[in-house]
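The values are calculated or read from the model by the stated rules, or taken from the named source; none is laboratory data. Please read all numbers here as calculations on a predicted model, not as lab measurements. Glycine also receives a Cβ, built like all others from the backbone with ideal geometry; neighbour counts cover every protein chain displayed.
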Amino acid sequence: MKKLIMVFVILALSLLGAGSASAIDLYPWNNHADPFSFLFGNDIDTHQQTRLLKNGSLYSLSGYFYIGFTGVVTKDGYRVATHVDCNAMPCTVGWTLDGKPDTATFLYEVVPDHPVFLVNRLDIPEPGAYAHFHWLGANPTPGENTSGYLLQLTAVDTFCFIHDMAGAATRKHTCRDNGGVAVNLGIDIATHLNIVTSFPY
């Protein structure tokens, strides 16, 4: 509920002409200090801070997903952003992150896109927009069933997200023409979508 209120506050400020609230104010990077101390045990930990919540016997994640801005503004007015190692470079919150535990089978990866996982449709939480699966520990191998979390992302800022090669983006092109996804306030499934519910073995 607090996250939803924050999104409404940011939206209201921008509509009232007070200028868009900066996501940098939402929650600064502090390298997984309590209470946001949950670790996946892989590269995502350089740009996420979450905490594990328990409701009875059920667990969930809640926290923040970070980006760094490159300094480029696209032709259509979006600031270019990408994931960075927040311990090495300045970063800011791009999304709030909610996660539900699940298992998935690693299918394949077409670089530079995200690894694709097979999940059981019945395991996708409702209501919600849980469109990204992220595993725990070492990178899985094709066909491996692995534990992790289905993640739902809610954007708290507006930007052009380019996962790889963001440094090549130019102001002469739109976000899309630079290979990016134009992210606006609210639920985001486009930037990190990596699940399918069927696969022809």
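Of the candidates Asp85, Asp164, Asp102, Asp177, the single residue that is touching a helix residue (DSSP H, G or I) at 6+ places or on another chain (Cβ under 8 Å), loosely packed, with under 14 Cβ neighbours inside 10 Å, touching a residue at least 24 places away in the same chain (Cβ under 8 Å) and of a type outside the set (Gly, Ala, Ser) is Asp85.
Can Val196 be described as crowded, with 18+ Cβ neighbours inside 10 Å and in contact (Cβ under 8 Å) with a residue 12 or more places away in the chain? So Val196 fails the test.
If you check Ser60 against the conditions, is it modelled with pLDDT of 95 or more, of a type in the set (Ser, Thr, Tyr) and in contact with a Leu (Cβ under 7 Å, 6 or more places away or on another chain)? Yes; evaluated as a whole, the condition is true for this residue.
Examine segment 126-137 for a residue that is closer than 30 Å to Gly77 by Cα, in contact with a Lys or Arg (Cβ under 7 Å, 6 or more places away or on another chain), surrounded by 12 or more Cβ atoms within 10 Å (Cβ to Cβ) and of a type in the set (Ser, Thr, Tyr), and state whether such a residue exists. For segment 126-137, residues closer than 30 Å to Gly77 by Cα, in contact with a Lys or Arg (Cβ under 7 Å, 6 or more places away or on another chain), surrounded by 12 or more Cβ atoms within 10 Å (Cβ to Cβ) and of a type in the set (Ser, Thr, Tyr): present.
Can you tell me how many residues within segment 50-89 are of a type in the set (D, E, K, R), more than 17 Å from the chain's Cα centre (by Cα) and under 22 Å from Ile162 (Cα atoms)? Qualifying residue count for the region: 2.
This table checks each residue for (1) among the polar types (S, T, N, Q); (2) more than 30 Å from Tyr201 (Cα to Cα); (3) crowded, with 18+ Cβ neighbours inside 10 Å.
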site: Thr46; (1), (2), (3): yes, yes, no
site: Gln49; (1), (2), (3): yes, yes, yes
site: Tyr59; (1), (2), (3): no, yes, no
site: Pro115; (1), (2), (3): no, no, yes
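Look at Thr103 and say whether it is out of contact with any Pro (no Cβ under 8 Å at 6 or more places or on another chain), in a strand (DSSP E or B) and more than 17 Å from Gln152 (Cβ to Cβ). Considered against the rule, which asks whether it is out of contact with any Pro (no Cβ under 8 Å at 6 or more places or on another chain), in a strand (DSSP E or B) and more than 17 Å from Gln152 (Cβ to Cβ), Thr103 comes out as yes. Can you confirm whether Tyr149 is aromatic (Phe, Trp, Tyr), assigned to a strand (DSSP E or B) and surrounded by 14 or more Cβ atoms within 10 Å (Cβ to Cβ)? Considered against the rule, which asks whether it is aromatic (Phe, Trp, Tyr), assigned to a strand (DSSP E or B) and surrounded by 14 or more Cβ atoms within 10 Å (Cβ to Cβ), Tyr149 comes out as yes.
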